[in-house]
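Read-outs: derived from the displayed coordinates by stated rules, not from any lab. Everything quoted here is computed from the prediction, not taken from an experiment. Virtual Cβ from ideal backbone geometry, glycine too; neighbours counted across all protein chains shown.
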Amino acid sequence: MLFADEFSYTVTTKTLLDFEDAEGSKSFNDILVAFIQVEKEDEEEVSKKVKKLIKSIKWAAGKNKTKNVLLHSFAHLSSSKADPKITKEILDKAEERLKNVGFTVEQTPFGYFLDLKLSAPGVSQARIFQDL
């Protein structure tokens with residue numbers, strides 16, 4: 001997870017044809033960006049993984065004094081990748097649960113390569129890794 005003073009993306013190439021079409025760009029300020037890799041072994045524990053993900057995001061957001069969260073599927077962190085439909089399910093459940101407790105949450109377009117721009121402060125709590 002990275003806390004960003006500024007974060008933006010531009011949709012480039014669609015990589016998963018079974019998911020919603022997207023285009024354009026979007027920008028955010030003062031936002032926790034969660035780069036999420038769902039692995040094959042996580043498919044058996046969806047509820048448990050969502051719960052751990054929510055806990056980690058809430059903790060990191062609190063450390064950075066924000067209620068703004070961007071969920072980004074980042075399937076480049078491991079060679080073990082879950083089925084894309086399971087990954088999207090986890091992201092959707094996390095978004096819903098975070099919104100239910102007062103967070104502003106969005107997702108980057110799922111199944112796309114994106115051009116990313118990031119400006120993050122040089123403090124330790126702005127960069128957090130969690131292996132759930």
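The C-beta contact set for region 1-25 (first residue basic (Lys, Arg), second residue assigned to a loop (DSSP other than H, G, I, E, B), distance under 7 angstrom, 6+ apart or interchain) comprises LYS14/GLY111.
Exactly one residue out of LYS88, LYS58, LYS81, LYS49 is among the basic types (Lys, Arg), over 21 Å from GLU6 (Cβ atoms), surrounded by 14 or more Cβ atoms within 10 Å (Cβ to Cβ) and within 12 Å of the chain's Cα centre (by Cα), and it is LYS88. Within region 94-125, the set of residues being of a type in the set (Gly, Ala, Ser) and within 15 Å of the chain's Cα centre (by Cα) comprises ALA94, GLY111. Of everything in region 16-46, what is more than 19 Å from GLU95 (Cβ to Cβ), within 17 Å of the chain's Cα centre (by Cα) and in a loop (DSSP other than H, G, I, E, B)? Give them in sequence order. Within region 16-46, GLU39 is the sole residue that qualifies. If you go through region 5-46 and pick out every residue that is small (Gly, Ala, Ser), surrounded by fewer than 17 Cβ atoms within 10 Å (Cβ to Cβ) and under 22 Å from ALA61 (Cα atoms), you end up with 2.
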